[in-house]
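The values are calculated or read from the model by the stated rules, or taken from the named source; none is laboratory data. Treat the numbers as computed from the prediction; the structure is a model and nothing was measured. When we count neighbours, we look across all protein chains shown, and the Cβ atoms used for this are built from the backbone with ideal geometry, even at glycine. Areas reflect the complete protein model, heavy atoms only, side chains present, ligands, DNA and RNA absent. Shrake-Rupley method; radii C 1.70, N 1.55, O 1.52, S 1.80 Å.
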Amino acid sequence: STGWKNIEDQIWIIGSCNSESTLAASSYLEYFHGEVAGRPPLIDLYDEKFCQSFLRGAILNDLVASSHDVSDGGLAVALSECSIISSKGAIIDLDRKSNRLDNLLFSEGGSRIVFSVHSSKELTWLNYLKEAQKDLKDSIYIKKIGYVSGTNLIINVQKKEICNIKVEELTEKFNNSIAGYF
C-alpha cells in the first residue's frame, strides 16, 4: 500500500535516467503558473519494465513495506501522500542535480517509485540489492533518500531544510483545501 508502515523504515527511490521527468504538462505548471501546456513526458518502456519487475521481486521477498509511484505533483506530492495516508512523517535528504528546485520536487514522469524497506530487514534488502545490481542498466538508479519518522515531513536538499511540516497540517490542508473555495 501507499502509506508508510513503521517508524525507522528506510525510504528509497527507483527510477530511470532515460525516462523524462519534466514540469511540462505538470500539475505544478497548472497550479502555480496557470499554464496547461506541454506534452506528457517520454518514457523508456524497458526501464519502466525493469523498475516494476525489480520492485515486484522485492515485494514478493517481503522486503518492501510500502510503495507509491511518483506521478501527479512529483516527488514532493508523492512523499506527502505517503505521510498523509499513514499519519507518519519522514526525513528526506535529496541531492540537487539541476539548478531548479521546483524541477526536483514537482517534475512528473514515468519510471519513478518511492518505496519503504522494513528496517528489520536491512541486511536482507542490501543483499537483494547487491544481487539485483548485476542486472542493473546504467540508466536505472536505486537510492536511499531517507527514513520514516514521527510527526513531521522534513525535506532537505543538499543538507538545507526546505520543508518541515507536521503531517497533521498536511492532512488538514489536503482534506479541506477545496472546501475553502465554495
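I want to verify a result. In a Gaussian network model of the chain, Cα cutoff 10 Å, which of these has the top mean-square fluctuation: Leu29, Leu63, Leu126?
Maximum fluctuation in the GNM of the chain, among the listed residues, is at Leu126.
Kirkwood hydrodynamic radius, region 118-182, all distinct C-alpha pairs: what's the number in Å? Kindly include the intermediate steps, with their values, before the conclusion.
Values: mean 1/r = 0.0644 Å⁻¹.
Value: 15.5 Å, from the Cα pair sum.
Taking 0.36 nm per intervening residue step and subtracting the Cα-Cα distance, what contour gain separates Lys97 from Ser53 on full extension? Working shown, then result.
Numbers: separation 44, 0.36 × 44 = 15.84 nm, distance 2.62 nm.
The span from Lys97 to Ser53 would gain 13.2 nm if fully extended.
Which far-off residues, 5 or more places away or on another chain, put their amide H under 5 Å from the one on Asn152, with H placed in the peptide plane?
For Asn152, the qualifying residues are Gly89, Ala90, Val167.
Would you give the gap between the C-alpha center of region 89-106 and the C-alpha center of region 116-165, rounded to a whole Å?
14
Could you pull out every one of the lysines with an alpha carbon less than 22 Å from that of Lys159, ignoring same-chain neighbours closer than 8 positions?
Excluding near neighbours in sequence, the set is Lys88, Lys97, Lys143, Lys144.
Could you grab the Rg to Rh ratio for region 1-64? Cα atoms only, Kirkwood for Rh.
Working: Rg = 15.8 Å, Rh = 14.4 Å.
Over the Cα atoms of region 1-64, Rg/Rh equals 1.10.
If you roll a 1.4 Å probe over the heavy atoms of the protein chains, what accessible area per residue do you get for the chain, in Å²? Spell out each step's value before the answer.
Details: 10310 Å² over 182 residues.
It amounts to 57 Å² per residue over the chain.
Please find, in a Gaussian network model of the chain (springs between Cα atoms separated by less than 10 Å), the residue of Cys51, Cys82, Cys17 whose mean-square fluctuation is greatest.
Cys17
For region 1-93, which whole-number percentage of the solvent-accessible area (1.4 Å probe, protein heavy atoms only) is attributable to carbon and sulfur atoms?
Details: 2490 of 4600 Å².
Taking all protein chains in place, region 1-93 shows 54 percent carbon and sulfur surface.
Is any helix in the chain, taking whole DSSP H runs, at least 20 angstrom long along its axis by alpha carbon and on average at least -0.5 on the Kyte-Doolittle scale, and which ones? Could the numbers behind the result be given before it?
Values: long enough: 45-60 (22 Å, 0.27).
Helices passing the filter in the chain: 45-60.
Give me Rg over Rh for the chain, both radii from the alpha carbons and Rh done the Kirkwood way, two decimal places. Write down the numbers at each step before the final one.
Numbers: Rg = 16.4 Å, Rh = 16.9 Å.
Taking Rh as the inverse mean 1/r over Cα pairs, Rg/Rh reads 0.97.
List the residues whose amide H sits under 5 Å from the amide H of Arg112, counting only those 5 or more places along or on another chain, with H placed 1.01 Å from N in the peptide plane.
Val70
Lys173: net charge of surrounding residues, Cβ under 14 Å, Lys/Arg +1, Asp/Glu -1, itself excluded?
On the way: positive: Lys166; negative: Glu81, Glu168, Glu169, Glu172.
Once all neighbours under 14 Å are counted, the net charge is -3.
What is the Cα coordinate range of region 59-117 on the first, second and third principal axes, sorted by size from largest, in whole angstrom?
That gives 37, 24, 21 Å along the principal axes, largest extent first.
Quote the FRET efficiency, to the nearest 0.05, computed for Gln133 versus Ile43 with a Förster distance R0 of 22 Å and r equal to the Cβ-Cβ distance.
Working: r = 22 Å, r/R0 = 1.02.
After rounding to 0.05, the efficiency reads 0.45.
What does the extension gain come out to for Ala25 and Lys143, with contour length at 0.36 nm per residue minus their alpha carbon separation? If you can, show how the numbers build up before the last one.
Details: separation 118, 0.36 × 118 = 42.48 nm, distance 2.64 nm.
Going from the current span to full extension adds 39.8 nm.
Could you work out the helix-only [θ] at 222 nm for the chain, with each DSSP H run of four or more residues adding -39,500 (n - 2.57) and the total divided by the number of residues, to the nearest 500 deg cm²/dmol?
For the chain, the value works out to -10500 deg cm²/dmol.
Tell me, what HN-Hα J-couplings in whole Hz come from the Karplus equation 6.51 cos²θ - 1.76 cosθ + 1.60 at θ = phi - 60° for each residue of region 138-144, using x for Gly and Pro?
Values per residue, Gly and Pro as x: 4, 7, 9, 10, 10, 9, 6 Hz.
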